[in-house]
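The values are calculated or read from the model by the stated rules, or taken from the named source; none is laboratory data. Small disclaimer: the values here were computed from a predicted structure and weren't measured. Using ideal geometry, Cβ is built from the backbone for each residue, glycine included, and neighbour counts are taken over all protein chains shown. Please note that ligands, DNA and RNA were not included when accessible areas were found on the heavy atoms of the full protein model with its side chains. Shrake-Rupley method; radii C 1.70, N 1.55, O 1.52, S 1.80 Å.
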Amino acid sequence: MAAPGRRPLVSGNWKMHHDHVQAIRTVQDLGLRLQPADVAALDVSVHPPFTDLRSVQTVIEDRAIPVALGAQHCHHQDQGAFTGEVAPPMLARLGVRYVIVGHSERRQFFGQTDEEVALVLRAVLRHGMTPIVCVGESEEEREAGVTHDRLTAQATAALGGLPAQQVAALVVAYEPIWAIGTGRTAEAADAQAACAHIRSVVAAVADAEAAGAVRIQYGGSVKPDNTAELMAQPDVDGLLVGGASLEAATFASIVTHAGGR
Ligand code: 13P
């Protein structure tokens, strides 16, 4: 289990699924399933598409659903001529608490670079939201034995130069690309080794206190039946769930297993 002081965070990344009507139903259903005791010892966030955010915010607030609102991406500038993009203050105004930054799908399909990831991360922090910074190796990198080098490079590029206090308060998600949407979850021991490595990188780029405080999630084919084993690893402080977060019943089951219930 996560060290005392690191409150686990279980996040549902809906990716490009659920229009706002489906989103409303899903979060209402989640609200009916999650009991206060389920979330007493952990934080939960949902990350719907942009078009759903306002609707989901309203449902969460009206029904006092114990789930934080999250976004999947944003631009790094506060405003400007950037057709199709969404600015960080727009998300903050909506009550968004967590923003996924540098997801491998943004890096892979939209050409997001390490430099852009670092800029977005800083913009999210500037507007008082918590970034969930994604790092992870590809299958080729894993086979070539360079997983840790890759994680070091990505984490250093994203976090290098930030005040240690800010690093301590953010979230890193270890998402091996080969495990995303494939049904091939990382072995719990491998997830642990990678998360421990990321923590050592945080100690190097920030300090030991930040490394002890930063929350590190695992993501990649998380399901209710592998949740407990992953969460039992000492350096795994939460989960970033894709496909299995789309159905309220499945996601609620992951949340309750993550809370040890
Ligand atoms: P899956 O859980 O569908 O593998 O997706 C993981 C992920 O990319 C979450 O951000």
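Of note:
- Residue tally, condition over 19 Å from the mean Cα position of the chain (by Cα), modelled with pLDDT of 95 or more and open to solvent by 20 Å² or more (accessible area, probe 1.4 Å), over segment 28-59: 9
- Per the listing R107, R122, R199, the residue uniquely on the phi < 0 side of the Ramachandran plot and within 16 Å of the ligand (Cβ to nearest atom) is R107.
- Residue match in segment 7-27 (condition: within 16 Å of the ligand (Cβ to nearest atom), out of contact with any helix residue (DSSP H, G or I) (no Cβ under 8 Å at 6 or more places or on another chain) and open to solvent by 20 Å² or more (accessible area, probe 1.4 Å)): yes
- One residue stands out in segment 232-242 among those that are at negative phi and under 14 Å from the mean Cα position of the chain (by Cα): the one that is nearest to the ligand (Cβ to nearest atom), namely G242.
- Within segment 28-39, one or more residues are in contact with a Lys or Arg (Cβ under 7 Å, 6 or more places away or on another chain) and acidic (D, E).
- Answer residue from segment 156-208, given it is among the charged types (D, E, K, R) and open to solvent by 20 Å² or more (accessible area, probe 1.4 Å) and is farthest from G5 (Cα to Cα) among those: R184
- Cross-chain or 6+ apart pairs with Cβ under 7 Å, segment 237-249 first and under 10 Å from H17 (Cα atoms) and in a loop (DSSP other than H, G, I, E, B), then open to solvent by 40 Å² or more (accessible area, probe 1.4 Å) and more than 9 Å from the ligand (Cβ to nearest atom): L246/H17; L246/H18
- Sole exception among (1) within 16 Å of the ligand (Cβ to nearest atom); (2) open to solvent by less than 50 Å² (accessible area, probe 1.4 Å) for E229, by number: (2)
- S55 assigned to a strand (DSSP E or B) and out of contact with any Cys (no Cβ under 9 Å at 6 or more places or on another chain): no
- For V214, the conditions (1) within 16 Å of the ligand (Cβ to nearest atom); (2) under 15 Å from the mean Cα position of the chain (by Cα); (3) open to solvent by less than 10 Å² (accessible area, probe 1.4 Å) all hold with the exception of (1).
- Of the helices (runs of 4 or more DSSP H) lying entirely inside segment 71-149, those containing at least 1 residues that are modelled with pLDDT of 95 or more and open to solvent by less than 40 Å² (accessible area, probe 1.4 Å) are 88-93, 104-109, 114-126.
- Cross-chain or 6+ apart pairs with Cβ under 8 Å, segment 161-174 first and more than 16 Å from the ligand (Cβ to nearest atom), then among the charged types (D, E, K, R) and not in a strand (DSSP E or B): L162/R122; A164/D207; A164/E209; A168/E209
- Scanning segment 150-171 for residues that are in contact with a helix residue (DSSP H, G or I) (Cβ under 8 Å, 6 or more places away or on another chain), not small (G, A, S) and not in a helix (DSSP H, G or I) gives L162, L170.
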